[in-house]
Amino acid sequence: MSFDALLHAANFSTLFVCMVLKFPQIFALMRAKSTAGVSLNSLLLEMVGFIVFVTYQMYYDYPPPTYLEYPILIAQDAILLLLMLHYNGSLRHSLIYAALFVGGWRLLTVEKWIVDLAMSLCMFISAASKLAQLQCLWRSKDAGQVSALSWAMGTYTCVARIYTTTVTTGDTLVLVRFIAMTLLNLWVLLTVLYYQRHGSRAKKED
C-alpha cells in the first residue's frame, strides 16, 4: 500500500469509526434507562478536551481530514450528556452546560495565547476525563452500562491519529496527546472488560 493510500485509509477509517463511536454507549443507556458506571465528570471533561482540540486545529488551519471527526464526537457527546441528565433527573441543567461550552469555545479564539495555553492543557484535561471514568469504575467495582465497544473504537482512533499526525503536521503537542489518550483509553477498556467478566462470573455463581 502506498504512502498516500495508507494515509487516506487511516483518515477515513478514523472518520467512519468516529461517526458511530458513541452509538454503543448511547444505546446501552437507552436500553437500561440508567447511567450506572458511566461518569458524568468524565463526559464533561472529554467534551472540553474535544472542543479545545478541534478549535486549536481550526485556528492554525490544519488539514480538515486530521480533525473532522471531532465535531461529530462533540455532537454524540452532547446526546450522551442529555441522556445522562435526563436519567439523573437533572435535564434542566442542560442549558447551563450549553451556555458554558459555547462561551468557553468563543473565549478560546479571542487571543492566540489563549488557544495555545488551552491546547497545552488539553492533554491533562483529556487525561482527567479518562481517570474520572476509571475512578467511577474502581469505586463501584461494576462496569454498569459502560460500553466496552465504544472504548475499543476510541482506542483505535487514537492509534490511527498517532500515524496521521506523524506524517502530516508533526505537531508534538498533538502527538503526545494522542499517545497518552491511546494508553488511557486502553486502560479504561481493560478495566471495563475486567469488571464485565467479573460481574458475569458473580451472576453465574448466584
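When segment 147-157 is limited to residues that are within 10 Å of the chain's Cα centre (by Cα) and without any contact (Cβ under 8 Å) to a residue 60 or more places away in the chain, the one that is surrounded by the fewest Cβ atoms within 10 Å (Cβ to Cβ) turns out to be THR155. With a requirement of 2 or more residues that are open to solvent by less than 50 Å² (accessible area, probe 1.4 Å) and free of Cβ contacts under 8 Å to residues at least 60 places away in the same chain, the helices (runs of 4 or more DSSP H) lying completely within segment 1-119 that satisfy it span 3-20, 40-59, 69-87, 94-108. Can you confirm whether segment 159-175 contains a residue that is under 15 Å from VAL38 (Cβ atoms) and acidic (Asp, Glu)? No, segment 159-175 contains no residue that is under 15 Å from VAL38 (Cβ atoms) and acidic (Asp, Glu).
In the set (1) more than 13 Å from VAL188 (Cα to Cα); (2) open to solvent by less than 30 Å² (accessible area, probe 1.4 Å); (3) out of contact with any Gly (no Cβ under 7 Å at 6 or more places or on another chain), GLN133 fails one condition alone, (1).
Does at least one position in segment 177-193 carry a residue that is open to solvent by less than 50 Å² (accessible area, probe 1.4 Å), of a type in the set (D, E, K, R) and outside any helix (DSSP H, G or I)? For segment 177-193, residues open to solvent by less than 50 Å² (accessible area, probe 1.4 Å), of a type in the set (D, E, K, R) and outside any helix (DSSP H, G or I): absent.
The set of residues in segment 157-176 being touching a Ser or Thr at 6+ places or on another chain (Cβ under 8 Å), more than 14 Å from PHE53 (Cα to Cα) and part of a helix (DSSP H, G or I) consists of THR157, VAL159, ALA160, ILE162, THR164. Does segment 1-33 hold any residues that are under 20 Å from the mean Cα position of the chain (by Cα) and among the polar types (S, T, N, Q), and which are they? Answer for segment 1-33, where residues must be under 20 Å from the mean Cα position of the chain (by Cα) and among the polar types (S, T, N, Q): ASN11, SER13, THR14, GLN25. A single entry from ALA128, ALA118 fulfils the requirement of being of a type outside the set (Ser, Thr, Tyr) and within 25 Å of VAL38 (Cβ to Cβ): ALA128. ASP142 passes every criterion in (1) modelled with pLDDT of 90 or more; (2) assigned to a loop (DSSP other than H, G, I, E, B); (3) not hydrophobic (A, V, I, L, M, F, W, C) apart from (1). Considering ALA127, ALA160, the condition of being surrounded by 19 or more Cβ atoms within 10 Å (Cβ to Cβ) and small (Gly, Ala, Ser) is satisfied by ALA160 alone.
The values are calculated or read from the model by the stated rules, or taken from the named source; none is laboratory data. Just so we're clear, the structure is a prediction, and the values are computed from it rather than from any experiment. Cβ coordinates were reconstructed from backbone atoms using ideal geometry, including for glycine residues, and neighbour counts include every protein chain displayed. All accessible areas refer to the heavy atoms of the entire protein, side chains included, with ligands and DNA or RNA removed. Shrake-Rupley method; radii C 1.70, N 1.55, O 1.52, S 1.80 Å.
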